[in-house]
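The values are calculated or read from the model by the stated rules, or taken from the named source; none is laboratory data. Predicted, not measured: the structure shown is a model, and the values here were computed from it. Cβ placement follows ideal geometry from the backbone for every residue including glycine, while neighbour counts extend to all protein chains displayed. Heads up: the accessible areas ignore ligands, DNA and RNA and are worked out on the full protein's heavy atoms, side chains in. Shrake-Rupley method; radii C 1.70, N 1.55, O 1.52, S 1.80 Å.
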Amino acid sequence: MKLSGSILSSKYSAKEAINVYDKTDIDYIHIDVMDGKFVESKTYTIGDIIKFSKLTNKPFDVHLMVNNPDKYIDDLSILNVNNITFHLEATKKPLEVIEHIKNNGIKVGMAISPETNVKELLDYLPYLDYALVMTVTPGASGQKFMESMLYKVEILKKTIEEKGFKTLVYVDGGVNEENLPLLKEKDIDMVVSSNYFLSGNTKEIINNLKKD
């Protein structure tokens with residue numbers, strides 16, 4: 001299971017969170033980009049991410065919670081961005097966004113919010129590196145994990161196995177030590193967290209999870 005550490009934390013500033021993660025073996029640093037339109041909150045700009053990229057060599061896992069995700073891709077492609085995930089609900093031309101991301105040599109993910117039927121994502125699985133199941137309502141940190149969303153993980157994993165796709169499935173929202181065993185049971189490929197990873201000795205937490 002891969003680990004993506006979010007910098008959207010109530011405990012640290014973004015810069016502090018990056019510095020903490022940089023001293024660990026975490027796989028990715030997760031950056032939530034919110035435009036105040038697709039979701040009510042507004043977070044980091046491209047200028048902010050440029051500054052963040054100077055603080056670490058860790059690859060970035062960027063989650064675009066924005067309208068018109070296409071306009072962010074070229075700017076992100078020149079930074080140390082490994083993955084870009086956008087929301088199915090945010091565009092009328094998802095295949096064009098997928099192609100744009102892939103043409104920039106970046107792995108592509110597609111996210112669905114809790115209210116979106118998982119069946120809407122299935123047709124895109126052959127084109128995706130990642131499928132993201134949101135286990136909270138997008139837009140804010142610190143929400144409670146929605147265990148009811150795990151059926152979507154089951155459907156995605158079953159479809160991927162049956163069709164022989166290579167798409168990885170991950171979850172974002174409210175992940176902690178209490179629900180991680182449930183996620184491991186579902187054979188989840190990656191988890192995103194901020195408050196859990198940053199809740200204590202981050203290096204020790206990451207090391208213990210990597211051993212499992």
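May I ask which of K71/K210; K92/K210; K158/K203; K42/K92 have a Cα-Cα span longer than 28 Å here? Distance filter (> 28 Å) returns K71/K210; K92/K210; K158/K203. Projected label points at K42 and N104, each 7 Å from Cα along the beta carbon direction, are separated by 2.1 nanometres. A run of the chain free of exposed loop cleavage sites, with trypsin sites (Lys or Arg not before Pro) counted only in DSSP states other than H, G, I, E and B and at most 13 other beta carbons within 10 Å, reaches its longest extent at 93-143. Surface composition of the chain: carbon plus sulfur atoms contribute 45% of the solvent-accessible area (1.4 Å probe, protein chains only, all chains present). Here the stretch 109-189 is treated with +1 on each Lys and Arg Cβ and -1 on each Asp and Glu Cβ, and its dipole about the Cα centre works out to around 120 debye. Here the dipole of the chain is about 340 debye; that uses its Cα centre as origin and unit charges on the Cβ of Lys and Arg (positive) and Asp and Glu (negative).
Amide H to amide H distances under 5 Å link K2 with M190, V191, where only residues 5 or more positions off or on other chains count and H is placed in the peptide plane. Ranking Y170, T159, L182 by Cα position along the charge dipole of the stretch 140-208, where only Lys, Arg, Asp and Glu carry charges on their C-beta atoms, puts T159 farthest toward the positive end. Beta-bridge orientation, the chain: approximately 5 percent antiparallel, per DSSP, counting only bridges with both partners inside.
Helical runs assigned H by DSSP (4 residues or longer) give the chain a calculated mean residue ellipticity at 222 nm of -8500 deg cm²/dmol, each run adding -39500 (n - 2.57) before division by the residue total. Please give the per residue accessible area of the chain, computed with a probe of 1.4 Å over protein heavy atoms only, in Å². With the other protein chains kept in place, the chain gives 48 Å² per residue.
Computed over the stretch 87-128, the alpha-carbon pair-distance distribution with 10 angstrom bins reads 28, 59, 13, 0, each value a whole percent. Of the GluC sites (Glu not before Pro) found in the stretch 92-140, those in coil by DSSP whose Cβ has at most 11 other Cβ atoms within 10 Å are E115.
Full extension of the chain segment joining N80 with E154 gains 23.5 nm, where the gain is 0.36 nm per residue of separation less the Cα-Cα distance. Around the amide H of T85, modelled in the peptide plane, lie the amide H atoms of V62, H63, L64, G109, all under 5 Å away and 5 or more residues distant in sequence or on another chain. Fully extending the segment from D187 to E16 would add 58.4 nm, taking 0.36 nm per residue of separation and subtracting the current Cα-Cα distance. Each residue, L122 and M1, gets one label point 7 Å from its Cα in the Cβ direction; the gap between the two is 2.6 nm.
The percentage of C-alpha pairs in the chain whose separation is greater than 30 Å is 15%. The largest-to-smallest principal axis extents of the Cα set in the stretch 121-212 are 40, 30, 20 Å.
For the stretch 1-121, the dipole from Cβ point charges (+1 on Lys and Arg, -1 on Asp and Glu) about the Cα centre works out to 200 debye, to the nearest 20. Distance between the modelled labels on L55 and K211, one decimal in nanometres: 2.9 nm (7 Å Cα→Cβ projection).
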